[in-house]
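K.L.:
First the structure, which I've put down as structure tokens, then a few questions once you've had a look.
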Amino acid sequence: MIFTVGFALAASFSNAVNVMTQHRASIAAPEREKGWRLVGYLFRQPLWLLGWIAAVGGFVFQALALHDGELSIVQPLLVTELVFVLVLRRLWIRQDIARAAWASVLVVCVALAVFLTVAEPTGGKPTPQTAQWLSALLVFGGAAAAAAAAGTRGSPVRRAAAFAVAGALAWALMAVFIKSATDTLAAFGLGGMLTRWPVYALAGAAAAGTLLEQSALHVGPLSVSQPLLVIINPLASIVLSVWLFDERFTDSPARITIAVLSFAVLAAGVTALSRTAPQDLAPASPVPASGHR
């Protein structure tokens, strides 16, 4: 479990570095750089390329965590990306962070620790049955498609929420496919993996998740889409972990109650953090020196 937690936290940190570096590079681009010229400009920026290296690192660390670890441990831990982003905002670009944001970070970390401790996720099998795959993909794929369709109409808030739900479900499915693809790689090698379907399902889920997440961020406020993206992903992953991989949790009613409540507190903390964290990457304004007269 130590390696699972370590790799999951490394994935979260890498994802946070990716968010910060690519966003910083993008907003620093001259206004005249648009379309393909913007892409060419960004490819010449070391900071932007560092973001891609971090993104690859995040994927690799997540795959390592999921290969031998429980889906119900890894995916909730990825919530800590928000915490790492806030720390990087403060230490790297010297942003002023509101006390409410730091309080939200504390709530998120404590609630996450309580959930993983009392829920006691264990077990699991590497290869789901075909019937399990078909039923899970039908339900979750259908739900994602329905949410994406709902995102084509309505107010900006409703559209952002719908696309965020669809994107979060796609990311949860991607995590499932990562786990299956790494198991296939370990069992059959690279050539064998390329002749089996999980790796291609992984690519499709990654493309769908990216498109849906960007749609959510484009059509409505971040304060609506970010909490849904961050919370529904691990929640759906937990359901899939039981459905497909037969992962198990504590059978104590009291501990289950505490786990459910702690996850609800985690969701509230993520929502509060999304609303109290800085909404841009502007550094703190320098304090003017006081003059003597």
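K.L.:
³J(HN,Hα) across the stretch 221-230 via Karplus (A = 6.51, B = -1.76, C = 1.60, θ = phi - 60°), whole Hz, x for Gly/Pro?
P.N.:
Per residue, the Karplus-derived 3J(HN,Hα) values read x, 4, 5, 8, 6, 4, x, 5, 4, 6 Hz.
K.L.:
Pull out the extension gain between ALA100 and ALA268, defined as 0.36 nm times the separation in residues minus the alpha carbon to alpha carbon distance; nm, one decimal. Before the final figure, lay out the partial values.
P.N.:
Working: separation 168, 0.36 × 168 = 60.48 nm, distance 1.29 nm.
Separation in residues times 0.36 nm, less the Cα-Cα distance, equals 59.2 nm.
K.L.:
Taking loop as defined by DSSP and a crowding limit of 14 other beta carbons within 10 Å, which trypsin sites (Lys or Arg not before Pro) in the stretch 97-161 fit?
P.N.:
Details: sites: ARG99, ARG153, ARG158, ARG159; in loops: ARG153.
Here the trypsin sites (Lys or Arg not before Pro) that fit, given the DSSP loop and packing criteria, are ARG153.
K.L.:
Please list, in order, the residues from the stretch 182-209 whose amide nitrogen is less than 17 Å from a point placed 7 Å along the Cα→Cβ vector of THR130.
P.N.:
From the stretch 182-209, the list is 196-198.
K.L.:
What distance in nm separates the two pseudo spin-label positions at LEU138 and ALA150, each 7 Å out from Cα along the beta-carbon direction?
P.N.:
Going from the LEU138 label point to the ALA150 one covers 2.1 nm.
K.L.:
How much length would be gained if the chain were fully extended between MET1 and LEU49, taking 0.36 nm per residue of separation minus their Cα-Cα distance, in nm to one decimal?
P.N.:
On the way: separation 48, 0.36 × 48 = 17.28 nm, distance 3.21 nm.
Fully extending the segment from MET1 to LEU49 adds 14.1 nm.
K.L.:
Per the 1.4 Å probe, what fraction of the accessible area of the stretch 139-293, in percent, lies on carbon and sulfur atoms?
P.N.:
Values: 5210 of 7610 Å².
Roughly 68 percent, rounded to a whole number.
K.L.:
Quick one: accessible area per residue over the chain, 1.4 Å probe, rounded to a whole number of Å²? Working shown, then result.
P.N.:
On the way: 15020 Å² over 293 residues.
Each residue of the chain exposes 51 Å² on average to a 1.4 Å probe.
K.L.:
Based on alpha-carbon atoms only, what is the radius of gyration of the chain relative to the globular estimate 2.2 N^0.38 Å? Write out the running numbers ahead of the final one.
P.N.:
Numbers: Rg = 20.2 Å, N = 293, 2.2 N^0.38 = 19.0 Å.
Normalised Rg, Cα atoms only: 1.06.
K.L.:
Let me ask something else about it. What does the convex hull of the Cα atoms of the stretch 122-219 come to per residue, in Å³, rounded to a whole number? Mind dumping the intermediate values first?
P.N.:
On the way: hull volume 10.1 nm³, N = 98.
In the stretch 122-219, the Cα convex hull volume per residue is 103 Å³.
K.L.:
Given the peptides 243-256, 48-61, 165-178, arrange them by the average over their residues of other C-beta atoms within 10 Å, most packed first. Please report the intermediate quantities before stating the final value.
P.N.:
Values: 243-256: 14.9, 48-61: 17.4, 165-178: 26.3.
Packing order, densest peptide first, comes out as 165-178, 48-61, 243-256.
The values are calculated or read from the model by the stated rules, or taken from the named source; none is laboratory data. Fair warning: this is a prediction, and the values are worked out from it, not measured in the lab. Counting neighbours? That spans all protein chains shown, and the Cβs are built from the backbone with ideal geometry, glycine included. With ligands, DNA and RNA removed, areas are computed over all heavy atoms of the protein, side chains included. Shrake-Rupley method; radii C 1.70, N 1.55, O 1.52, S 1.80 Å.
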